[in-house]
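Here's the structure, in structure tokens; my notes come after.
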Amino acid sequence: MSARNVKRRDFLVAAAAFAALPAHSQPRAKLRRIAVVTFRDRESFRPLVDSLLAGLHEHGYVEGKSIDLDVRYGSGVQGEMPKLLREALAAKPDVVVVGGIVNAKLAKQATTTVPIVVYVMSDPVEAGVVASFARPGGNLTGLDDLADETTLKRLEFAAAAVPKTRALLLFLDPAFPATKRVEARLQDASRALRVRIEPVYVSDRAAVETALAALDKSRNEVLVAGPTSLLVQNAKLLIDGALARGVPVVHFWTGTAEQGALLSHGVNIHQNLRRIGFYVDRILKGVRAGDLPVEQPSKYELILNLKTAKRLGIIVPQAFLARVDQVVE
């Protein structure tokens with residue numbers, strides 16, 4: 001047998017022996033760790049995690065093979081976020097994913113080095129978490145939701161969908177960074193709407209319950225949820241409580257029309273989470289978070305729940321129906 005054939009045989013024998021080794025003894029590529037931190041509970045937030053995984057899969061990442069997704073859930077208490085962030089950062093993630101401008105600020109306070117991607121936030125420049133939309137700088141980027149513009153739009157939709165409206169009750173969280181800007185913008189627009197805009201300030205679940213108890217169907221009110229995570233976490237309480245008192249709700253969060261809100265209008269949050277896959281991919285390939293522009297949504301969804309309209313005796317004008325993207329019947 002020639003020396004060449006012996007070498008080839010030895011190579012094949014060695015390769016076969018390596019393949020036969022137990023999986024744990026073979027070298028594996030390091031998994032890139034992605035920390036997702038939310039104060040929300042597992043049941044309500046898990047569908048959003050699935051959307052993020054779908055977005056990562058579009059860029060070739062598979063959980064357990066190329067990435068390790070470390071999801072830190074809270075129990076619905078915003079005050080848990082600093083602790084959850086500390087725990088997530090202690091595990092040395094490659095990227096941290098959070099949602100909301102309040103949590104973006106907390107994440108920035110927790111680390112100035114680990115890249116942070118925010119799947120929805122309001123007024124990040126004014127809040128001081130990025131230098132500009134085009135060049136965020138620092139270690140944070142993500143998706144903006146244009147809170148003041150969209151809140152105004154929801155008030156317009158509320159007045160158009162319920163022609164008998166006399167008072168638009170705008171539930172606002174005074175601790176939310178965009179609240180003052182939203183209020184100022186709405187005061188400028190109130191005359192054109194030809195309805196009263198009445199701010200209602202709520203800072204926790206108990207305040208939401210108290211405000212709901214004061215609703216009055218006879219005043220032809222419509223409740224509009226202002227942009228705050230408080231009204232996402234308590235969306236079911238808000239919708240059920242208002243419906244029990246005959247008052248329609250206009251919300252901004254994905255899925256709230258299906259829960260019984262008369263209207264929901266906003267970005268599709270599941271699409272946002274899928275888009276985060278792009279940001280994570282770019283960062284894992286070496287791009288600095290601060291060099292990735294903050295994106296603003298190009299499309300919003302307007303969804304009408306006709307069952308709720310019928311239950312409340314609301315006759316939605318045909319002209320408004322033509323503007324709706326989706327109808328829940």
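The values are calculated or read from the model by the stated rules, or taken from the named source; none is laboratory data. What you see is a predicted model, and the numbers here were worked out from it, not measured in a lab. So basically every Cβ, Gly included, is an ideal-geometry build from the backbone, and we count neighbours across all protein chains shown. These area figures cover heavy atoms from the full protein model, side chains too; ligands, DNA and RNA do not enter into them. Shrake-Rupley method; radii C 1.70, N 1.55, O 1.52, S 1.80 Å.
So how strong a dipole does the chain carry about its Cα centre when Lys and Arg Cβ are +1 and Asp and Glu Cβ are -1, to the nearest 20 debye?
The dipole of the chain has a size of about 820 debye.
Could you state the angle between the C-alpha long axis of helix 81-90 and the longest principal axis of the C-alpha atoms of the chain, as a value from 0 to 90 degrees rounded to the nearest 10?
Roughly 10 degrees between the two axes.
Taking the highest mean first, how do the peptides 288-300, 316-328 order by number of other beta carbon atoms within 10 angstrom per residue?
Answer by packing, highest mean first, reads 288-300, 316-328.
Measure nothing fancy, just the Cα-based angle from helix 235-244's long axis to the longest principal axis of the chain, in degrees from 0 to 90, nearest 10.
30 degrees
Evaluate the relative contact order of region 225-283 (contact order divided by residue number), counting alpha-carbon pairs under 8 angstrom at least 6 apart; express in whole percent.
24 percent
What is the angle, in °, between the Cα long axis of helix 42-58 and the longest principal axis of the Cα atoms in the chain? Nearest 10 is fine, range 0 to 90.
Taking the Cα atoms of the chain, the angle to 42-58 is about 50 degrees.
At L321 and Q109, where each label point lies 7 Å from the Cα along Cα→Cβ, what is the point-to-point distance in nanometres?
Simple spin-label model gives 5.0 nm for this pair.
Taking only the alpha-carbon atoms of region 173-305, what semi-axes of the equivalent ellipsoid follow from 5 times the gyration tensor eigenvalues under a square root, in whole Å, largest first?
32, 17, 15
Would you work out which of I269, Q296, L306 lies farthest towards the positive end of the dipole of region 256-311? Charges go on Cβ: Lys and Arg +1, Asp and Glu -1.
The Cα lying farthest towards the positive end belongs to L306.
Over region 57-208, calculate the relative contact order: mean separation of alpha carbon pairs under 8 Å at least 6 apart, over the residue count, as a percent.
Relative contact order, region 57-208: 15 percent.
Go ahead and run the numbers for FRET between E87 and K30, Cβ-Cβ distance against an R0 of 25 Å, rounding to 0.05.
After rounding, the FRET efficiency stands at 0.75.
Which label marks the calculated value of P(r) over Cα pairs in 20 Å bins from 0, in percent, given the options [x] 33, 61, 6; [y] 29, 48, 16, 6, 2, 0; [z] 27, 54, 18, 1?
Read-out from the structure maps to [y].
Please go through the residue pairs K153/K307; K83/K299; K180/K285; K153/K310; K30/K105 and name each one whose alpha carbons sit more than 28 Å apart in this structure.
Over 28 Å apart, Cα to Cα: K83/K299; K180/K285; K30/K105.
Taking only protein heavy atoms into account and a 1.4 Å probe, give the accessible area per residue of the chain in Å².
Result: 49 Å² per residue.
Take the chain, connect every pair of alpha-carbon atoms lying under 10 Å apart with a spring to form a Gaussian network, then pick out the residue of I101, I116, I314 with the largest mean-square fluctuation.
The residue with the greatest mean-square fluctuation here is I314.
Placing unit charges on C-beta atoms (Lys and Arg positive, Asp and Glu negative, everything else neutral), compute the dipole magnitude of region 189-329 about its Cα centre in debye, rounded to 20.
About 220 debye.
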